[in-house]
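Values in this text are rule-based calculations from the coordinates and carry no lab data. Values in this document were obtained by computation on a predicted structure and should not be read as measured data. All Cβ positions, glycine included, derive from the backbone under ideal geometry; neighbour counts span all protein chains shown.
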Amino acid sequence: MRVEYSYLPAQFADPSRILSDLPALIRSGDYTLGEPVREFERRFAQAMGARFAIGVNSGTDALFLSLVALGVGPGDEVITMPSTFVATVGAIVATGARPVFVDVTDEFTIDPAKIEAAIGPRTTLLLPVHWAGHPADMPEIMRIAERHELPVVEDSCQALGGAVDGRTTGTFGATGCFSLHPLKNLNVWGDGGVIITDSPEIDERLRLLRNHGLSDRDTVACWGYNSRLDSLQAIVANHLIEEFALITERRIRNAARLDAGLADVAQIEIPPRHPRKRYVYHLYVVQADDRDGLLEHLVGAGVEAKIHYPRPLHLQPAAKELGYREGSFPVCEAQAGRIITLPAHQHLSDEQIDAMIEAVRSYYGA
Ligand SMILES: *Cc1c(COP(=O)(O)O)cnc(C)c1O
């Protein structure tokens, strides 16, 4: 039985409902910042329990524009973790600031106990990542941020619908950043992103920054960028937002089935599942003994398992000038050799999940 990683052909097997909205868009010519974008922003803000949502061109730009809106620039330092997707760190570097890394916990998110040691006179902002759909420890991170009077931007690109103590990821910080990339849980037909905030000032600033700093057609209030969410993608997002609760429920169910099937395999370490957190499993990641052998075995058995990611960012060629080395972040480095991602998406059948469990168990003779 094949278990594929990509579910996009299945997800959009019948695009007729989405396509039926396109003729009206084409007749209107409302391609940029049109009514579909305003509608998506209203619905997204409401779904997240935030006051404002600002549609942008990508999750990367959601992060970059948030940092710019909060005044981050050359000479500043921004604290994040080294085992995130490159975009988190790329957005920091694009502002001219320097990324400062902090090691992670056994949940693959930034370790709050190690943040204060990384705060220095140039630290301007904390950028926690809700990696894999595992919410970072936001209450503790917010306490640290308040103590040091630092703003927080949440990289929630992988954690749409996650929560800590019933509060949605993305609503703790000054802004929460989301991606609508095809591989994310709420996905459009290309690039897209969205930022949420409760601050009218930040909302206004972001609306200027994403559209050339134009406060009206002829007035440049500040220098900005071109980073708008397309009307076309907003139409797709407006359909997907209706299915999103169901998508999330299915992923949570699939992850629970994998957890149950792997719980007694001694060579598999399932990360903690704290009852106060809602995990949304953008990725289903566990640690495994003899990981490379397991990966080869799974791929041979038709299971498209992957590694996110084999080399942390502080050990990438691009990070040379940051001065880190092997051993700088022992927890994250040890995890890099042990993590494996199994498909857990909403289009898997119970039979496929059970086949995956069986393939892992048979590798270890469990
Ligand atoms: C996907 C992702 C981004 C960037 O989103 P894009 O829409 O692809 O630009 C940023 N951070 C994390 C953690 C991501 O997974």
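Quick notes on this one:
- Test: residue in region 181-191 that is closer than 16 Å to Arg51 by Cβ and within 10 Å of the ligand (Cβ to nearest atom): no
- Any hit, region 12-26, residues being touching a Ser or Thr at 6+ places or on another chain (Cβ under 8 Å) and within 23 Å of Leu208 (Cα to Cα): no
- Considered as a group, the residues in region 73-90 that are crowded, with 24+ Cβ neighbours inside 10 Å and part of a loop (DSSP other than H, G, I, E, B) include one that is nearest to the ligand (Cβ to nearest atom), and that residue is Thr84.
To keep it simple, each residue is scored yes or no on (1) under 29 Å from Tyr31 (Cβ atoms); (2) of a type outside the set (D, E, K, R); (3) touching a Leu at 6+ places or on another chain (Cβ under 6 Å); (4) without any contact (Cβ under 8 Å) to a residue 12 or more places away in the chain.
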site	(1), (2), (3), (4)
Pro151	no, yes, yes, no
Asp191	yes, no, no, no
Leu208	yes, yes, no, no
Leu214	yes, yes, no, yes
Ile235	yes, yes, no, no
Ala256	no, yes, no, yes
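- Contacts under 8 angstrom Cβ, first residue in region 54-65 being more than 15 Å from Ala97 (Cα to Cα) and assigned to a strand (DSSP E or B), partner acidic (Asp, Glu) and more than 7 Å from the ligand (Cβ to nearest atom), 6 or more apart: Ile54/Glu41; Ile54/Asp203; Gly55/Glu41
- Just one of the listed residues (Ser6, Ser28) is closer than 30 Å to Gly302 by Cα and surrounded by fewer than 16 Cβ atoms within 10 Å (Cβ to Cβ), and it is Ser6.
- Scanning region 314-344 for residues that are under 28 Å from Ile268 (Cβ atoms), assigned to a helix (DSSP H, G or I) and of a type in the set (Gly, Ala, Ser) yields a total of 2.
- Whichever residue in region 62-72 is farther than 17 Å from Ala159 by Cα and crowded, with 18+ Cβ neighbours inside 10 Å and, among such residues, is nearest to the ligand (Cβ to nearest atom): Phe64
- Being free of Cβ contacts under 8 Å to residues at least 60 places away in the same chain, within 16 Å of the ligand (Cβ to nearest atom) and surrounded by fewer than 20 Cβ atoms within 10 Å (Cβ to Cβ) is a property that Val93 has.
- Strands (runs of 3 or more DSSP E) contained entirely in region 155-251, each with at least 3 residues that are within 25 Å of Ile141 (Cα to Cα): 175-179, 193-197
- Residue match in region 278-285 (condition: out of contact with any Asp or Glu (no Cβ under 8 Å at 6 or more places or on another chain) and without any contact (Cβ under 8 Å) to a residue 60 or more places away in the chain): no
- Test: residue in region 108-121 that is within 17 Å of Phe172 (Cα to Cα), without any contact (Cβ under 8 Å) to a residue 60 or more places away in the chain and assigned to a helix (DSSP H, G or I): yes
- Output for region 231-275, where each listed residue is within 24 Å of Ala366 (Cβ to Cβ) and touching a strand residue (DSSP E or B) at 6+ places or on another chain (Cβ under 8 Å): Asn254, Ala255, Leu258, Leu262, Gln267, Ile268, Glu269, Ile270, Pro271
- Contacts under 6 angstrom Cβ, first residue in region 132-143 being without any contact (Cβ under 8 Å) to a residue 40 or more places away in the chain, partner in a loop (DSSP other than H, G, I, E, B) and of a type in the set (Val, Ile, Thr), 6 or more apart: Ala136/Thr109
- Hits in region 38-59 (condition: more than 14 Å from Thr175 (Cβ to Cβ), within 16 Å of the ligand (Cβ to nearest atom) and not aromatic (Phe, Trp, Tyr)): Asn57, Ser58
- Residue list for region 117-137, filter: within 16 Å of the ligand (Cβ to nearest atom) and more than 17 Å from Leu70 (Cβ to Cβ): His130, Trp131, Ala132, Gly133, His134, Pro135, Ala136
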